[in-house]
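First up is the structure itself, then whatever we jot down about it.
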Amino acid sequence: MNLSASSRLGLVVEGGGVRAIYAAGVLDVLHDLQLPIEGVIGVSAGAIHGCSFVSGQKGRSYRIYKRFCKDPRFFSLRTLLRTGSIVDNDFCYRVIPAELEPFDEEAFENSGIGFWTVSTNLETGRAEYLRMRNCIQEMPALIASASLPYVSRPIEYQGKKLLDGGCSDRVPIKAFEDMGFARNIVVLTHPEEHHVKDRDAALARIFYRRYPNFCRTFENSPAQYERTQAYIKQQAQAQKAFVIRPAEPIPVGRLSHNPQDIELAYNMGRRDAHALESALVNWLEHSALRP
């Protein structure tokens, strides 16, 4: 398919902890379709699954989560007490990609697909959209995106203190449009009727009292999410976005250690993506012709 610069195709991937393995299922189906995607942007777990999509490693996220979800180093209270973060960053971001489930850095760099992660700047409260050209060398950008508030140490990278991108921009479609991706496949991990509860931000002014800008952003994230959902719906109606999301809540805990939960959420993503294949191909053909 011959695309003009004004119709660059992007892929936007929402996070959601273990539940976001749904997105990995969707991405594995998209991998097989060999779509002309030129850029991927992911938030938190969505970024983790997105980098394996860019490197062309179908099934890698599913294998990792199913294999290691019971390992306390993957995430656990024990690891939080030992390291100050619920995830053992050395194990998850060095040992796994280097030894246990090798990451194909060469394929990532040669894919022709740009890759961005989203994190939140503690000092400014703003979202940071970080381009990763070398995933191994720039791994702190990925770690920051998935560093959950309260249970993770802030990541210092490029002179900034960063935490989970979901605190500021859970679904960065507008940011990607501003980067030139006029058409976007948007992979969401919540059904349309989902509303973000503000309990996650309830303790922000105690834990992050030194960072009032971050607190305001975090507290406003539910309202911002609602506005983003309305915008996504508007863009979908205008044929500028194609949305893949579960029709019902994914019955999996955000921090589940159950391999069967991994399989369930992953297969839900694959099922939903397969069901929309024809509609997606039709959207690609028609949206590319729109001004």
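Quick notes
- Segment 216-291, relative contact order [Cα under 8 Å, separation at least 6], %: 30
- Solvent-accessible surface of the chain, taken per residue with a 1.4 Å probe and all protein chains present: 45 Å².
- Projecting the Cα atoms of 195, 121, 173 onto the charge dipole of segment 107-230, computed from C-beta unit charges around the Cα centre, puts 121 farthest toward the positive end.
- In the chain, helical runs assigned H by DSSP with n ≥ 4 each contribute -39500 (n - 2.57); averaged across all residues and rounded to the nearest 500, the mean residue ellipticity at 222 nm is -11500 deg cm²/dmol.
- Entries in 70/161; 58/240; 70/174 that, when Cα-Cα distance is taken, lie over 32 Å: 70/174
- Relative contact order of segment 120-248, defined on C-alpha pairs under 8 angstrom at six or more residues apart (%): 30
- Contact order relative to length of segment 45-96, as percent, for alpha carbon pairs under 8 angstrom and 6 or more apart: 20
- Surface share of carbon and sulfur [accessible, 1.4 angstrom probe, percent] for the chain: 49
- In order through segment 81-95: 3J(HN,Hα) via Karplus (6.51 cos²θ - 1.76 cosθ + 1.60), integer Hz, x for Gly, Pro: 5, 7, 10, x, 9, 5, 10, 7, 4, 5, 5, 6, 10, 10, 5
- Full-extension gain in nm, residue 271 to residue 239, via 0.36 nm per residue minus C-alpha separation: 9.2 nm
- Diffusion constant of the chain at 37 °C, which comes from Stokes-Einstein with the Kirkwood Cα-pair radius and 0.692 mPa s, µm²/s: 173
The values are calculated or read from the model by the stated rules, or taken from the named source; none is laboratory data. The model shown is predicted, which means the values in this text are computed figures rather than measured ones. We place every Cβ from the backbone using ideal geometry, glycine too, and count neighbours over all the protein chains shown. In case anyone asks, the SASA skips ligands and DNA or RNA and just uses the protein heavy atoms, side chains included. Shrake-Rupley method; radii C 1.70, N 1.55, O 1.52, S 1.80 Å.
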